[in-house]
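In what follows, a structure is listed as structure tokens, so that the remarks can point back to it.
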Amino acid sequence: MRIILLGAPGCGKGTQAQRLTDRFHIPKLTTGDMLRSAVRAGSALGREAEQFMNSGALVPDAVMIGLIRERLTEKDCAAGFLLDGFPRTVAQAEALDVTCRAVRQTIDNVLEFEVPESEILQRLTGRLVCDKCGAGYHAVTQPPQIAGKCDRCDGNVVRRADDSDTTVRKRLNVYREATEPMIAYYAGLGVVRKVNAVGTVDEVFERLCSLIDRN
Ligand code: AMP
């Protein structure tokens with residue numbers, strides 16, 4: 001099973017990606033998490049990516065394509081994978097096609113999350129995350145029990161550097177300009193299934209599962 005999740009920042013892809021990989025036992029390739037751990041590790045990739053991420057810009061295609069191409073050839077991806085946050089541009093989608101053809105794989109599920117922009121803004125500007133286990137919270141709708149402390153581990157609950165009001169607006173502009181044409185590219189191939197991503201995590205998860213082709 002090879003799944004791509006598409007949708008604006010803050011549409012809930014990350015939360016559902018975790019649920020889907022738990023349900024279908026396939027690896028989750030979340031490019032934002034891969035880059036954030038490279039930044040934390042201070043690797044060459046992290047140093048290159050950090051400035052783009054903090055300003056809300058996209059990391060250059062060549063870097064991202066190389067990262068995913070390498071990851072997709074690892075053994076655990078042979079039986080399937082879930083992509084979350086990649087592709088984000090038409091060039092990335094085209095490169096993914098080439099890579100899949102080279103390893104004789106086809107993407108069988110392209111799922112687009114639909115959430116109104118007003119809700120996206122509300123979700124992103126209140127979003128909090130545990131810096132250790134990655135658990136998600138929201139300052140207003142789902143705060144941690146003890147302010148600043150994760151309910152599940154001893155990590156700290158923080159705001160992502162790129163979730164400030166200005167950077168969120170920049171990321172949404174980048175999404176419209178660079179990522180929406182990529183969605184149009186998949187739509188042109190007739191493979192996109194749209195999912196109403198407003199509702200509880202369980203409701204959205206059930207909608208996704210009912211759409212997924214389990215070949
Ligand atoms: P995310 O966690 O998916 O919102 O990604 C956080 C940031 O990582 C983005 O704003 C970009 O700077 C960078 N990033 C993640 N995935 C990609 C990608 N496929 N192409 C370019 N930049 C990316």
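What the table shows:
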read-out	value
For the range 13-36 and the range 102-171, distance of Cα centres in Å	13 Å
Helical contribution to [θ] at 222 nm, DSSP H n ≥ 4, -39,500 (n - 2.57), averaged over the chain, rounded to 500	-14000 deg cm²/dmol
Solvent-accessible area, 1.4 Å probe, carbon plus sulfur percent, for the chain	52 percent
Spin-label pair Glu70/Asp165, simplified geometry with 7 Å Cα→Cβ offset, distance in nm	3.9 nm
Heavy-atom accessible area ranking, 1.4 Å probe, most first, across Arg104, Arg19	Arg104, Arg19
Heavy-atom SASA rank of Lys13, Lys149, Lys28, Lys75 (probe 1.4 Å, accessible area, largest first)	Lys75, Lys149, Lys28, Lys13
Pairwise label distance in nanometres, Ala44 with Asp202, each label 7 Å out on the Cα-Cβ vector	4.9 nm
In degrees, nearest ten, helix 117-126 long axis to first principal axis of the chain (Cα)	50 degrees
Approximate spin-label separation Asp108-Thr141, in nm, with each point projected 7 Å along Cα-to-Cβ	3.2 nm
Area of Val192 that stays accessible when all protein chains are in place (1.4 Å probe, Å², to 10)	40 Å²
Rounded to 10°, Cα long-axis angle of helix 61-72 versus longest principal axis of the chain	80 degrees
Accessible area per residue in Å² at 1.4 Å probe, computed on the chain	51 Å²
Accessible area in the full protein assembly, largest first, 1.4 Å probe, for Thr166, Thr200	Thr166, Thr200
Antiparallel bridge percentage (DSSP; both residues within the chain; nearest 5)	35 percent
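The values are calculated or read from the model by the stated rules, or taken from the named source; none is laboratory data. All values derive from a computational prediction rather than experimental measurement. Cβ: placed from backbone, ideal geometry, glycine included. Neighbour counts: every protein chain shown. Please note that ligands, DNA and RNA were not included when accessible areas were found on the heavy atoms of the full protein model with its side chains. Shrake-Rupley method; radii C 1.70, N 1.55, O 1.52, S 1.80 Å.
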